[in-house]
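Just below is one structure, and these are the notes that go with it.
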Number of protein chains: 2
Amino acid sequence: MPDAADPAPMNARRKFRREGEERRRQDLVDATLDSVAEHGLEGATVRTIALRAGVTAGLIRHYFPGKEDLLQEAYAALMGRMTEQAKAALVMEDASPRQRLAAFVTANLNAPIIDQRVFSLWATFIGRAGADPSLARAHREGYLGFRNEVEAVVAEVLAAERRKPDAAELRRHAIAINAIIDGLWIEGCLAGEMFSPGELAAIGIKTVEAELGLVPPEQFQEK
Amino acid sequence: MPDAADPAPMNARRKFRREGEERRRQDLVDATLDSVAEHGLEGATVRTIALRAGVTAGLIRHYFPGKEDLLQEAYAALMGRMTEQAKAALVMEDASPRQRLAAFVTANLNAPIIDQRVFSLWATFIGRAGADPSLARAHREGYLGFRNEVEAVVAEVLAAERRKPDAAELRRHAIAINAIIDGLWIEGCLAGEMFSPGELAAIGIKTVEAELGLVPPEQFQEK
DNA sequence: GGCGTTGTTGTGCAAGTGTATAAATAGCCT
DNA sequence: AGGCTATTTATACACTTGCACAACAACGCC
């Protein structure tokens with residue numbers, strides 16, 4: 001119960017704490033992504049973002065020249081996290097190239113990469129790539145980086161099979177496999193409950209191996 | 001040169017013509033799609049849309065209860081055109097199932113289905129499917145319709161090869177092939193100039209046929 | 001403890017938003 | 001030709017938007 005001495009300062013100014021610059025920018029970026037995921041770019045206003053970050057709108061202008069800059073930084077952060085997670089599945093020691101490829105596909109077709117929120121963000125931003133050159137370039141770089149990773153693993157897999165593809169063939173494999181992963185990723189994000197757990201990953205591995213012309217690993221499946 | 005009798009009605013009201021209701025709604029929907037493609041949902045204001053349609057903003061409210069209804073109708077129109085075009089490639093008389101499947105893949109991986117503007121629209125709208133249930137349902141129906149088409153053709157192709165897949169296997173094939181087409185479609189829309197004409201379609205056909213376990217048609221390729 | 005720095009708040013403003021509504025006029029009917 | 005009516009324009013309004021700026025207070029430093 002409040003003490004009798006209740007000052008009741010009608011026009012009390014809000015209490016606040018000074019966070020580090022790093023932390024505040026991070027919070028604002030996260031709040032931006034949350035706002036965009038929930039209400040789209042149209043609903044991501046400086047006030048909505050600030051409210052979610054637990055600050056007032058004016059503070060945004062203290063850390064970013066304008067709202068557009070905050071959006072760009074948020075998009076960059078999103079892309080960074082996505083590619084980072086995707087590539088993380090590739091660092092496996094003591095695994096055959098084929099196992100690493102399968103692990104890569106599996107990682108990309110399960111949580112947390114299969115995620116409706118991330119998909120909404122990706123779609124919302126990428127939808128403006130056609131009009132915004134800076135967004136288009138950011139996507140292009142992320143896409144090529146991803147495809148190069150795929151190409152590198154494919155080269156290892158085929159080398160282990162004593163096959164010597166030329167550059168053009170390797171490129172076609174990478175394009176196709178990238179498409180398979182992307183397509184299944186979208187299906188999973190948009191209608192995840194239509195698939196049983198692990199089903200998309202199983203389909204992905206099977207399709208990718210068929211694309212590469214690998215014989216089914218009977219000894220593993222039949223046991 | 002103007003005649004001497006220049007009335008110069010300073011506050012002249014704009015001349016206009018009365019178009020039919022059908023035509024006006026169509027124009028407004030088209031203008032809406034143009035605005036969204038160019039400036040995103042945030043930039044698609046009633047005034048922008050009206051300006052593009054050659055009318056004034058107030059008229060929108062005469063044909064639609066609110067802006068949201070116009071947007072929904074525009075999305076429905078977009079989806080309708082996309083699936084219509086995609087399915088059109090399937091109506092081929094006097095063609096083997098395998099040829100029809102190849103034609104289907106080819107049609108989906110060339111203009112006008114591979115198109116940056118359409119992709120921008122698709123991404124912009126689909127990005128809100130996570131938050132807007134009506135959008136999510138619209139997509140779900142379109143997706144399942146498309147996948148069922150694929151499944152039907154796949155069944156014919158396999159039947160012609162004397163293979164009897166069960167329902168689960170057929171479903172997996174349709175999911176995988178749908179993913180291949182979607183993934184390549186995205187790659188083509190976002191970075192069309194990175195691929196030579198027909199390259200995506202060639203990759204798509206090859207990957208789809210590998211997924212189905214069809215033997216390469218040597219007699220056609222080697223000639 | 002006092003003080004300066006600066007992160008943070010609160011308020012204000014011009015431009016833009018969707019919507020409501022009155023005024024005008026184009027085109028059809030007789 | 002002259003009116004009727006529905007289409008279209010134009011204006012108004014309440015509200016939101018991004019941004020500018022002054023006041024304030026949290027924290028480090030002496």
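Applying the condition of being in contact with a Phe, Trp or Tyr (Cβ under 9 Å, 6 or more places away or on another chain), away from DNA strand C (no atom under 15 Å from the Cβ) and of a type in the set (A, V, I, L, M) to segment A:59-77 and asking which residue is farthest from A:Ala44 (Cα to Cα) yields A:Ala74. Kindly list, by first and then second residue, each pair from a residue in segment B:88-101 that is closer than 19 Å to B:Leu212 by Cβ to a residue that is open to solvent by 30 Å² or more (accessible area, probe 1.4 Å) and not hydrophobic (A, V, I, L, M, F, W, C), limited to pairs with Cβ atoms under 7 Å and residues at least 6 apart or on different chains. Note: pairs meeting the criteria are B:Leu90/B:Arg100; B:Leu90/B:Glu149; B:Met92/B:Arg100; B:Pro97/B:Glu156.
Quick one: would you say A:Glu211 is charged (D, E, K, R) and within 30 Å of B:Trp122 (Cβ to Cβ)? Against the criterion (charged (D, E, K, R) and within 30 Å of B:Trp122 (Cβ to Cβ)), A:Glu211 qualifies. When segment B:152-169 is examined, which residues are found to be within 14 Å of another protein chain (Cβ to nearest Cβ) and in a helix (DSSP H, G or I)? Once the filter is applied, which keeps residues that are within 14 Å of another protein chain (Cβ to nearest Cβ) and in a helix (DSSP H, G or I), segment B:152-169 yields B:Val154, B:Ala168, B:Glu169.
Criterion first (surrounded by fewer than 20 Cβ atoms within 10 Å (Cβ to Cβ) and not assigned by TED's automatic domain parsing to the domain that holds A:Asp30) does A:Arg171 satisfy it? Taking the combined requirement at face value, the residue satisfies it. When each of A:Arg98, A:Arg172, A:Arg137 is tested for being more than 9 Å from every other protein chain (Cβ to nearest Cβ), over 24 Å from B:Ser120 (Cα atoms) and among the basic types (Lys, Arg), the lone residue that passes is A:Arg98.
Against the condition within 16 Å of DNA strand D (Cβ to nearest atom), outside any helix (DSSP H, G or I) and either away from chain A (no Cβ under 14 Å) or touching a strand residue (DSSP E or B) at 6+ places or on another chain (Cβ under 8 Å) (or both), how does B:Arg24 come out, does it pass?
No, not satisfied.
Residues that are assigned to a helix (DSSP H, G or I) and facing chain A (nearest Cβ under 7 Å) occur at least once in segment B:190-204.
Taken together, the criteria exclude B:Val157 from residues that are β-branched (Val, Ile, Thr) and surrounded by fewer than 21 Cβ atoms within 10 Å (Cβ to Cβ). Hey, does segment A:1-24 have a residue that's modelled with pLDDT of 95 or more, open to solvent by 40 Å² or more (accessible area, probe 1.4 Å) and polar (S, T, N, Q)? Checked segment A:1-24: no residue is modelled with pLDDT of 95 or more, open to solvent by 40 Å² or more (accessible area, probe 1.4 Å) and polar (S, T, N, Q). Criterion applied to A:Gly40, A:Gly58 was being within 14 Å of chain B (Cβ to nearest Cβ) and out of contact with any Pro (no Cβ under 7 Å at 6 or more places or on another chain), and the one residue passing it is A:Gly40. Of the helices (runs of 4 or more DSSP H) lying entirely inside segment B:37-139, those containing at least 1 residues that are at pLDDT below 90, surrounded by fewer than 16 Cβ atoms within 10 Å (Cβ to Cβ) and not β-branched (Val, Ile, Thr) are B:67-88. One residue stands out in segment A:25-36 among those that are open to solvent by less than 20 Å² (accessible area, probe 1.4 Å) and free of Cβ contacts under 8 Å to residues at least 24 places away in the same chain: the one that is farthest from DNA strand C (Cβ to nearest atom), namely A:Ser35. Summed over segment B:183-218, the residues that are within 28 Å of A:Pro133 (Cβ to Cβ) and either open to solvent by 40 Å² or more (accessible area, probe 1.4 Å) or touching a Cys at 6+ places or on another chain (Cβ under 8 Å) (or both) give a count of 4.
The values are calculated or read from the model by the stated rules, or taken from the named source; none is laboratory data. Here the structure is a predicted model, which means the values were calculated and not measured. Ideal geometry is used to build each Cβ from the backbone, glycine not excepted, and the neighbour counts take in all protein chains shown. All accessible areas refer to the heavy atoms of the entire protein, side chains included, with ligands and DNA or RNA removed. Shrake-Rupley method; radii C 1.70, N 1.55, O 1.52, S 1.80 Å.
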